[in-house]
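Undergrad: One structure, as structure tokens, below. Some questions next.
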Amino acid sequence: MNIGNMMKITGAWNTFKNNHPKFPAFCQAVSRKGIREGSIIEIAVTTPEGEKIETNLKVKESDLDLLKQLSE
């Protein structure tokens, strides 16, 4: 990745943190506890009209490998 793209991503991340200050703390708490095989991740999105779309997934070993690669 080139320096320009890295700076763009850094700026976007800083804006995101300012807009959603609780999210980084949530990520740190999850990181401290660790996501292990068998953990359940639940995701919900509520549209501006009030429609709720939800899903969940049970973490597998291959998922952990992907998360490790993404964090490096």
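The values are calculated or read from the model by the stated rules, or taken from the named source; none is laboratory data. In this text, all values refer to a predicted model and were calculated from it rather than measured experimentally. Cβ sites come from the backbone with ideal geometry, for glycine too, and all protein chains shown count toward neighbours. In case anyone asks, the SASA skips ligands and DNA or RNA and just uses the protein heavy atoms, side chains included. Shrake-Rupley method; radii C 1.70, N 1.55, O 1.52, S 1.80 Å.
Undergrad: Determine which member of the set Ile35, Ile43 is β-branched (Val, Ile, Thr) and either free of Cβ contacts under 8 Å to residues at least 24 places away in the same chain or not in a loop (DSSP other than H, G, I, E, B) (or both).
TA: On the way: Ile35 fails: either free of Cβ contacts under 8 Å to residues at least 24 places away in the same chain or not in a loop (DSSP other than H, G, I, E, B) (or both).
Among Ile35, Ile43, only Ile43 is β-branched (Val, Ile, Thr) and either free of Cβ contacts under 8 Å to residues at least 24 places away in the same chain or not in a loop (DSSP other than H, G, I, E, B) (or both).
Undergrad: Looking at the range 1-23, I want the residues that are over 19 Å from Glu72 (Cα atoms) and have a partner that is part of a helix (DSSP H, G or I) with Cβ atoms under 7 Å, at least 6 apart or on another chain. Which pairs are those?
TA: Going by the 7 Å Cβ cut-off, the qualifying pairs are Lys17/Pro24.
Undergrad: Of all residues in the range 23-42, how many are within 21 Å of Lys68 (Cβ to Cβ), of a type outside the set (Phe, Trp, Tyr), open to solvent by 90 Å² or more (accessible area, probe 1.4 Å) and at pLDDT 90 or above?
TA: 3
Undergrad: Mind checking which residues of the range 1-22 are open to solvent by 100 Å² or more (accessible area, probe 1.4 Å) and either under 17 Å from Leu70 (Cα atoms) or of a type in the set (Asp, Glu) (or both)?
TA: Within the range 1-22, Met1, Trp13 meet the criteria.
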